[in-house]
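**Student:** Right, I'll just put the structure down here and ask away after.
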Amino acid sequence: MRTNAKLLALAAVAAGCSGLSAEMARSSYMKDQMAERVFPATCADLWADGLKVLAQSGYQLVGTDRGLAGQDARGFVGSLLAAGHATTRNAKGVWESETDWNSERLRYQMKGYPDGVDGCQVRITAMKEEGGEVGETRKWRDFEMELAVLARVAPKQAAAVEAGSPKEPR
């Protein structure tokens, strides 16, 4: 019986490792596919779709962005206390918006960089507040969230990215 228990434990560890390996393979693939991807729309044309993806993923938008994504307006105090900000554009034409924190102290920043006449590079960064110290924030680019925006803007391109993604072992 002990040998069977050891074999089961070893099988469980191996299954966990193969799941982790598949997750790492997908992460690497997504980075390769999305890192420099130019979306086939101007930043102005795709921006509301990006905001909707963030809102539908459970993140609270700020200011006028709320209406663009179908969220109810917040009162003055709620807007004043929000950590994020509504969409802005800088002198180089870069679009930027940030969500408010969710209950897990996670929020998103979305940036759109104009690329050519009809293209936009979308960068979505997750920001997770960690530890007890205010200001300790870990950041990472969320390629899966970017893919969700691509699926709204260019479903065939998103489907092609998904079709080539490494599959989990069965």
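The values are calculated or read from the model by the stated rules, or taken from the named source; none is laboratory data. This is a predicted model, so every value here is computed, not measured. Using ideal geometry, Cβ is built from the backbone for each residue, glycine included, and neighbour counts are taken over all protein chains shown.
**Student:** In region 117-132, what residues are under 16 Å from residue 95 (Cα atoms) and surrounded by fewer than 12 Cβ atoms within 10 Å (Cβ to Cβ)? Please lay out each step first, then the result.
**Tutor:** So in region 117-132, the residues under 16 Å from residue 95 (Cα atoms) come out as 117-125.
117 - this is the single residue of region 117-132 that is under 16 Å from residue 95 (Cα atoms) and surrounded by fewer than 12 Cβ atoms within 10 Å (Cβ to Cβ).
**Student:** Looking at 112, 70, 78, which is the one that is farther than 17 Å from residue 129 by Cα, surrounded by 12 or more Cβ atoms within 10 Å (Cβ to Cβ) and modelled with pLDDT of 90 or more? Even if it seems obvious, please write down each step before you answer.
**Tutor:** On the way: 70 fails: modelled with pLDDT of 90 or more; 78 fails: modelled with pLDDT of 90 or more.
Selected residue: 112, the only one of 112, 70, 78 that is farther than 17 Å from residue 129 by Cα, surrounded by 12 or more Cβ atoms within 10 Å (Cβ to Cβ) and modelled with pLDDT of 90 or more.
**Student:** Further question on the same structure: Of 142, 100, which residue is at pLDDT below 95, out of contact with any Phe, Trp or Tyr (no Cβ under 6 Å at 6 or more places or on another chain), acidic (Asp, Glu) and within 20 Å of residue 55 (Cβ to Cβ)?
**Tutor:** Working: 142 fails: at pLDDT below 95.
100 is the lone residue from the list that is at pLDDT below 95, out of contact with any Phe, Trp or Tyr (no Cβ under 6 Å at 6 or more places or on another chain), acidic (Asp, Glu) and within 20 Å of residue 55 (Cβ to Cβ).
Residues are listed down the side, and each one gets a yes or a no for (1) of a type in the set (Val, Ile, Thr); (2) farther than 15 Å from residue 63 by Cα:
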| residue | (1), (2) |
| --- | --- |
| 83 | no, no |
| 92 | no, yes |
| 97 | no, no |
| 106 | no, yes |
| 111 | no, yes |
| 116 | no, yes |
| 120 | no, yes |
| 124 | yes, yes |
| 131 | no, yes |
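**Student:** Hey, any hits in region 133-149 for a residue that's touching a residue at least 12 places away in the same chain (Cβ under 8 Å), surrounded by fewer than 18 Cβ atoms within 10 Å (Cβ to Cβ) and out of contact with any strand residue (DSSP E or B) (no Cβ under 6 Å at 6 or more places or on another chain)?
**Tutor:** Yes, some residue in region 133-149 is touching a residue at least 12 places away in the same chain (Cβ under 8 Å), surrounded by fewer than 18 Cβ atoms within 10 Å (Cβ to Cβ) and out of contact with any strand residue (DSSP E or B) (no Cβ under 6 Å at 6 or more places or on another chain).
**Student:** Also: Among the numbered conditions (1) on the phi < 0 side of the Ramachandran plot; (2) surrounded by fewer than 15 Cβ atoms within 10 Å (Cβ to Cβ), tell me where residue 105 comes up short.
**Tutor:** (1)
**Student:** Further, regarding this structure: For region 37-58, does any single residue satisfy the condition of being in a loop (DSSP other than H, G, I, E, B), at pLDDT 90 or above and under 29 Å from residue 131 (Cβ atoms)? Write out each step before concluding.
**Tutor:** Of all residues in region 37-58, those in a loop (DSSP other than H, G, I, E, B) come to 37-38, 40-42, 57-58.
When the remaining residues are screened for being at pLDDT 90 or above, the result is 37-38, 40-42, 57-58.
From what is left, the residues that are under 29 Å from residue 131 (Cβ atoms) are 57-58.
Yes, because at least one residue in region 37-58 is in a loop (DSSP other than H, G, I, E, B), at pLDDT 90 or above and under 29 Å from residue 131 (Cβ atoms).
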